[in-house]
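Inspection log for the structure reproduced underneath, given as structure tokens.
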Amino acid sequence: MKKLLTALLLGAAGATAAVGQAWPAKPVTLLVPFPPGGSTDAIARLLGNKLQESIAGSSFVVDNRGGAGGTIGTAMVKRAPADGYTVLVTSLGPLVIGPHLLKNLPYDPTKDLDYITVAVQAPNVLVVPAASPHKSMAEVIAFLKAHPEKMSFGTSGNGSSDHITAELFWQQTGTTGLHIPYKGGGPVMTDLLGNQVDSSFMNINTALPQIKAGKLRALGITSAGRSPALPDVQTMDELGIKGLQVYSWQAVAAPKGLPADTKAKLHAGIVKTLNAPDVKPKLLEQGFEIVANTPEQFTAFQASEFARWKKVIEDRKITAD
């Protein structure tokens, strides 16, 4: 009887310990490799708030670690334990663009991360401050041709989608501008509104509130068709600028080796959050498109995007300088 009771007690203790270890048993860090205020930070904070509702007993904390186009924070995630308590919420820059621009990258995006899902995607829009003398895309191009390197383009960092968009824009229009890399989208917005930088190919969702408030002027958008959020803004194709369809995207990844059950639970929580009736309509209003693909689809997408941007960067001789 004593042996039986001992066995039962040990079994119960083991079961309790197993339950106690079920993910998440402690707060989860959503590491954003950019400063607060940009698109990626906004998506991370949305996920952090809502995942606490969709994953019972969970707590999610956003940690901003900006620098080097998002590669510093991404490297931190790569070095973190693959236990589900450090999760990367990032843009495409550190995963498919930066690796082709920056030397001695401290991680390999094709090997060092488990891909969970692409949450959303959105086009970029060329914006200038309301006080800018440039009222149209034609005026911008004419100014750039007459004054090479004189118009500044703020971006969220070397290797960001807005940086590559600016480079492609100069290539396609035969012009040159002055690239001003920041540590994220938030600081770019601050200097745009303060008339400290002339323009930016900004994510539509970041720019939209200031466009609607009349503080920024939108001159063109990089989507295949006009955005429902900005129906009066012409696409680059409509403006006669070909080959400039660019979408930024925000996604979730983790250190390589994430347990399958943790990955499945995290993925399900994110998909549920993005499609929630109090979330999805608001994202669409901001210019986002919901993606919410599977880990397998994201892994294949990352590989194709990695190859695509490698070719673009090499063919057009784009550098991070």
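Numbers below:
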| quantity | calculated |
| --- | --- |
| Every pair of residues 6+ apart whose Cβ atoms lie under 9 Å, when the first sits in region 124-141 and is without any contact (Cβ under 8 Å) to a residue 24 or more places away in the chain while the second is part of a helix (DSSP H, G or I) and open to solvent by 10 Å² or more (accessible area, probe 1.4 Å) | 133/139; 133/143 |
| Enumeration of residues in region 76-93 that are out of contact with any Leu (no Cβ under 8 Å at 6 or more places or on another chain), open to solvent by less than 10 Å² (accessible area, probe 1.4 Å) and either modelled with pLDDT of 95 or more or aromatic (Phe, Trp, Tyr) (or both) | 90 |
| Tally of residues being hydrophobic (A, V, I, L, M, F, W, C) and touching a strand residue (DSSP E or B) at 6+ places or on another chain (Cβ under 6 Å) across region 25-53 | 7 |
| Qualifying residue in region 63-77 (condition: out of contact with any Pro (no Cβ under 8 Å at 6 or more places or on another chain) and either more than 17 Å from residue 255 (Cβ to Cβ) or acidic (Asp, Glu) (or both)) | yes |
| Residues being in contact with a Gly (Cβ under 9 Å, 6 or more places away or on another chain), of a type in the set (S, T, N, Q) and within 27 Å of residue 273 (Cα to Cα) - total across region 227-260 | 2 |
| Cross-chain or 6+ apart pairs with Cβ under 8 Å, region 253-267 first and of a type in the set (S, T, N, Q), then part of a loop (DSSP other than H, G, I, E, B) and open to solvent by less than 50 Å² (accessible area, probe 1.4 Å) | 262/23; 262/84 |
| Complete set of residues in region 246-264 that are assigned to a loop (DSSP other than H, G, I, E, B) and more than 19 Å from the chain's Cα centre (by Cα) | 256, 257, 258, 259 |
| Qualifying residue in region 282-299 (condition: part of a strand (DSSP E or B) and surrounded by fewer than 20 Cβ atoms within 10 Å (Cβ to Cβ)) | yes |
| Residue satisfying all of: in region 265-277; within 18 Å of residue 44 (Cβ to Cβ) and part of a loop (DSSP other than H, G, I, E, B); most open to solvent (accessible area, probe 1.4 Å) among these | 275 |
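The values are calculated or read from the model by the stated rules, or taken from the named source; none is laboratory data. These figures come from a predicted structure and were not determined experimentally. For neighbour counting, all protein chains shown are included, and Cβ atoms are generated from backbone atoms with ideal geometry for every residue, glycine included. Each accessible area value is taken on the protein alone, full model and side chains, heavy atoms only, with ligands, DNA and RNA left out. Shrake-Rupley method; radii C 1.70, N 1.55, O 1.52, S 1.80 Å.
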